[in-house]
Amino acid sequence: MSLRKQGKPALAGLNSSLLDGLLSHSPIGMAVMDTDLRYVWINEALVGTSGAPDRIGKKVSAVFPAEEAEAGEAMMLRVLETGVPRIDFEYRGPILSDPAGEHMYSASFFRLEDQMGAVTGLCYLVIDVTERWKARQRGQILSRARECGKQLDPTLAAQDLADLCVPDFADLVTIELFEAVVQGTEVLAPSPGDSLLMLHAGHRVADTVESGPLPGAGSRAVYGPDSLVARCLVSRSGILDVSLSRSVHAWDVEASPITQLIENGEADSVIAVPLCEGGVTFGIAVFMRTRGGAPFTDADLEFAEEFAVRGSSALASAHRFTQERRVSLALQRNLLPGLLVGDESLDVAWRYFPAAEKEGVGGDWVDVIHLSSGRVALVVGDVVGHGVNAAATMGRLRAAVHTLAAMDLPPDELLAHLDDFAVRLGEERSAGGDSLEEDGLLGTLGASCMYAVYDPVSRTCAMARAGHPPPAMRMPDGTALIPDVPAGSPLGIGTVPFESAEIDCPDGSLLALFTDGLVESRSQNIDQGISRLLSVLREPYKTLDELCDATVEEMISRPLRDDAALLVARIASFPSSDVVTWDVPADFAAVGEFRRLASRQLEEWNLESLQFSTELIVSELVTNAIRYGTSPITLRMIRHSVLTCEVVDSSSTSPRLRHAKTMDEGGRGLFLVAQASKGWGYRYTGSGKAIWVEQDLP
């Protein structure tokens, strides 16, 4: 093929006039350039598309802006040099019939050669692919709209939806939701004749729009009952408004970007579509194009309605999660302790932080349980998972711990019973055909617990843990350490027995019990976190609340991947003047002597008003220990928040409260003790049992 640079190209061996006529009137824009990239021929379609009919003899740089020309010439040179054509290269540009609009074009370049193979120039073809581009672009918008629900927050999902459509579909998009959607409560369907209160959840404005400051997220907008928005939501059908100059008041809205742009005269056309799914209306999406651009069409309304369907699915997911989180938080608030208090031997403080909203509420908990003889149990637990199931599982385990603690079980035995409870719970759910994962039972199987009992008389703390991090401890001299407590398996495994450890706790010692969410994160492993915690504990603080706040500031970074709980206790023993202990011989004749010793001790404590009841209690406890127990026997009295009388013997036989019949000569002792006291009970020790009775101080 040979080309002439003047006039129209002549094609050797062919009917050039016929071919020239076909090419000149082709609907596809075509141009031929020489080896210097100068135009030698263009057809009418190319002139109609991009103008510049007088480009013959000119280079690309003389026809197009410098940046576009430089990129185009570089591409053409590569085609000339390599002979490899470039097919379907897309670019944006104006069109003569629509100077304000921007179209998308597809260009293909290939090298021209004569019959001898010599390079004679380059030809390129241009077609308008705007509709294809729009269809592809809108398909991408629709596919991404459903993914906005991954935010699991209605406000964030609404903002993502607004971001998707600007500037490719609209110049301004605003998403407004009902307040119930954001709060996670039941959404009521709008009724005709009602004014609508909406929350401004998200908006996006193109850079070319002079909108001024717009309402922020969470601001309210009120739509009148006759407004287009109210009509749209009540009818649940989209509205296309291209006559804004006559319908400013039809929007009838306060504090909305829509009214602001309409009143400024910048709006040209508006589409409003309801966001609803499954009979629930979440809100409305409003799209606006400003003056100078192409107004919306019926085809655009169809796209907006399809976008609303996809976006509503995302909002439904976010609303369901918000509902579940609200229920979980309410459940957790009711299941967590409202107030944890210590006593004379223990000052406590605690902190709890839920995981990030997208993670959902977890199952961490802390507890302080007051036991007999002035002892105090410290509990920290963690249930794997998030949501309602995790919170409910936490409530079950916490209640079980309270029940088992009331039995005065040692820490290792308590965890063994708690483990049995978790195993039985799993078996019951499996027998019922429930999926472990769907029902949240995996959280039960993965739960952990740390249980410690501090005795202010012996100044020791017995500890056991089930798959939980060990506690941290600060000694009175300021050193911080991790006590050696056997690990134990997580709850629900039911294979490995638990072991307890007993550590000495001098006055002024400090114990810190925590969940792994406090010391483990994406940026640090658990060992690094524990090391940082020990560093915080070494610092002196006036109060435990100050220590908790410092720990939180140092250890917790947002957003939290998992719940975090911290329980801190400062330890003090009972003064020796508040505890007396006597060895009891196995002789009934000694009972009277111990009544007198107890009475004299009450006089020293200025508790004379309790002498009668205490003598009765001491007489009954000592007599039963001599009659049914095994030596050695000890009697102990403790003055703390209550008066405790305690008898310890080496027998494992437990006492039983009887209701004696009228003619029975015995069996009324423990009944009388129960009537004369605040409470009584027994617990097993390493060498026998202890029976205790508590009385309120006057």
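Below are the figures for this structure:
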quantity	calculated
Exposure rank, largest accessible area first [Asp408, Asp226, Asp114, Asp420; 1.4 Å]	Asp226, Asp420, Asp114, Asp408
Spin-label pair Trp605/Asp484, simplified geometry with 7 Å Cα→Cβ offset, distance in nm	3.8
Share of carbon and sulfur in the accessible heavy-atom surface of segment 497-578 [1.4 Å probe, %]	45
Full-extension gain in nm, Phe588 to Leu340, via 0.36 nm per residue minus C-alpha separation	84.9 nm
Cα-Cα pairs of segment 284-344 separated by more than 16 Å (percent)	68
Global geometry of segment 455-503, whether rounded, prolate or oblate, following the gyration tensor of its Cα atoms and the 1.5 cut on a/c	oblate
Pair Leu329, Val63: separation of 7 Å Cα→Cβ label points (nm)	6.3
Pairwise FRET efficiency - Glu90 versus Arg144, Cβ, R0 = 22 Å, nearest 0.05	0.65
Accessible surface of segment 111-230 [probe 1.4 Å, protein heavy atoms]: carbon and sulfur percent	50
Rg(Cα) / (2.2 N^0.38 Å) computed for segment 493-621, rounded to two decimals	1.73
Cα→Cβ-extended label distance, 7 Å offset, between Arg424 and Ala118, nm	10.1
Segment 565-637: Rg to Rh, with Rh as the Kirkwood radius over Cα pairs	1.13
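The values are calculated or read from the model by the stated rules, or taken from the named source; none is laboratory data. Given the structure is predicted, the values throughout are model-derived calculations rather than measurements. So basically every Cβ, Gly included, is an ideal-geometry build from the backbone, and we count neighbours across all protein chains shown. Surface accessibility is based on the protein's heavy atoms, side chains included, excluding ligands, DNA and RNA. Shrake-Rupley method; radii C 1.70, N 1.55, O 1.52, S 1.80 Å.
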